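The values are calculated or read from the model by the stated rules, or taken from the named source; none is laboratory data. Not measured: the values here are computed from a predicted model. Neighbour counts run over all protein chains shown; Cβ positions are idealised from the backbone, glycine included.
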Amino acid sequence: MPNLSFIKCSGCGACGQICPKSAILMKPNDEGFLYPQVDSAICVECKVCEKTCPVLNVKASTDFSERKSYAAICDDEKTRLESSSGGIFTVLAEKIINEGGVVFGAEFDADFSVKHGWTDSICELERFRGSKYLQSRTEDTFMECKKFLEVGRKVLYNGTPCQIAGLKAFLKKDYENLFTVDVICHGVPSPALWQKYIKFSEKKSASRIVKTTFRRKNDGWKLFSLAFTFANGSEYSVNQSKGMWMLSFNKNVMMRHSCYDCVFKGAKILSDITIGDFWGIQNYIPEKDDDKGYSICFLNTINGEKFFESVKTSLSVDEIKNYDCKRFNTQLLYSIALPKNRKKFISLCINKGFDVAYKKYVELKIPIRVYYACRRFGGKILRKLGLRK
């Protein structure tokens, strides 16, 4: 088993799925993140896990600055509004399924944790649509993916850059019928802290959650909301600039350790296509900015270019300079900063509850809140006067 430090393991699960003796299980640590645990009674020291681990065997691709980039939206308005950005994932996934293929993506489990699953039905693609702001369990999906590939079916696998790297490391060879799509990744929060937040929300509403959406666009794409629907019929919806979960996410206090020094950035992104939000669109093609969501797409391989070209008839597309895209999506190239209170926040959250940790380490004090409110108000006035974009 690889002697990975606590900091570097990304939790992709490739080591557990490749182990010929099934001696490695992914188990949560005291922060709720999955890490490999080896059953020494079964392990035969074959070192296959070490040779497979994408962190120990980092591979570089082409220079990121050379990759083509596009702003794009799905032509189907309903799909676009139900998606986090511009609906590009759905268009790509439908193409694969219409050609008899299989799509893998992140979906909610019964307890609203997130795991990877697969479907070959267009009707079920909604399971994978929309962002999930926490780490997904890949479970056995690398093995399942390989089985489909070996019998000749087309496969689209969607995940974070480290999960795509894990899949490629597990497969150990290229497949013409495999198409990989990663999302621009800020970092992945702890699943255990998410469960703490769910419990807090259910207690506050006195009802269990029956549906959650991380990126509801009722107030627009830029002010997307985290929303819960409860069994008693009530709803809770708060935009990302005010809600406890998203403010904690943006403060980086609950991310996996590997996210603060991610090895899968820039030239080490191994997917065919990278997709995400085109933040900053108002500065480049303002006439297209209707606040309903816009995607940015980076074509990382020849395979990705051909795939994207094959779905263009279902998209509205504008080629964008690579530099402009990266300017507002810095997570493409750089890791997030490690906050000094991260460990304290997570420990307090697990022991005392999410709301307690939030109030102590994330919530802005009243003078600071007033300052930011004044800045937002001033910004609105300047934009109305045409003095700021």
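Just a yes or no: is a residue in region 169-176 under 18 Å from Ser61 (Cβ atoms), touching a Pro at 6+ places or on another chain (Cβ under 7 Å) and surrounded by 17 or more Cβ atoms within 10 Å (Cβ to Cβ)? Scanning region 169-176 turns up at least one residue that is under 18 Å from Ser61 (Cβ atoms), touching a Pro at 6+ places or on another chain (Cβ under 7 Å) and surrounded by 17 or more Cβ atoms within 10 Å (Cβ to Cβ). Residues that are outside any loop (DSSP other than H, G, I, E, B) and buried (at least 17 other Cβ atoms within 10 Å of the Cβ) were ranked within region 109-118; the one that is farthest from the chain's Cα centre (by Cα) is Trp118. Number of residues in region 219-251 that are of a type outside the set (A, V, I, L, M, F, W, C) and in contact with a strand residue (DSSP E or B) (Cβ under 6 Å, 6 or more places away or on another chain) equals 8. Residues that are modelled with pLDDT under 95 and polar (S, T, N, Q) within region 58-99 comprise Ser61, Thr62, Ser65, Ser69, Thr79, Ser83, Ser84, Ser85, listed in sequence order. Out of everything in region 220-250 that is surrounded by fewer than 18 Cβ atoms within 10 Å (Cβ to Cβ) and farther than 23 Å from Glu202 by Cβ, what residue ends up being modelled with the lowest pLDDT? Applying the filter and picking the extreme gives Ser241. Residues in region 287-323 that are more than 20 Å from the chain's Cα centre (by Cα) and of a type in the set (A, V, I, L, M): Ile302, Val311, Leu315, Val317, Ile320.
Between Gly16, Gly32, Gly86, the distinction of being surrounded by 21 or more Cβ atoms within 10 Å (Cβ to Cβ) and more than 25 Å from Pro191 (Cα to Cα) belongs to Gly86 only. When Phe104 is tested against (1) of a type outside the set (A, V, I, L, M); (2) surrounded by 24 or more Cβ atoms within 10 Å (Cβ to Cβ); (3) touching a residue at least 60 places away in the same chain (Cβ under 8 Å), only condition (3) is not met. For Leu81, are the conditions met, namely being surrounded by fewer than 23 Cβ atoms within 10 Å (Cβ to Cβ), of a type in the set (A, V, I, L, M, F, W, C) and not in a loop (DSSP other than H, G, I, E, B)? So Leu81 passes the test. Out of Arg153, Arg137, one residue alone is touching a strand residue (DSSP E or B) at 6+ places or on another chain (Cβ under 7 Å), surrounded by fewer than 24 Cβ atoms within 10 Å (Cβ to Cβ) and under 21 Å from Ile97 (Cα atoms). It is Arg153. Just one of the listed residues (Val263, Val253, Val183) is touching a Pro at 6+ places or on another chain (Cβ under 6 Å) and of a type outside the set (S, T, N, Q), namely Val253. Every condition in (1) without any contact (Cβ under 8 Å) to a residue 24 or more places away in the chain; (2) over 24 Å from Asp76 (Cβ atoms) holds for Asp289 except the one numbered (2). In region 340-355 there is at least one residue that is of a type in the set (Phe, Trp, Tyr), farther than 14 Å from Ala72 by Cβ and at pLDDT 95 or above. Within region 188-212, restricting attention to residues that are within 19 Å of the chain's Cα centre (by Cα) and crowded, with 21+ Cβ neighbours inside 10 Å, the residue that is farthest from Ile336 (Cα to Cα) is Tyr197.
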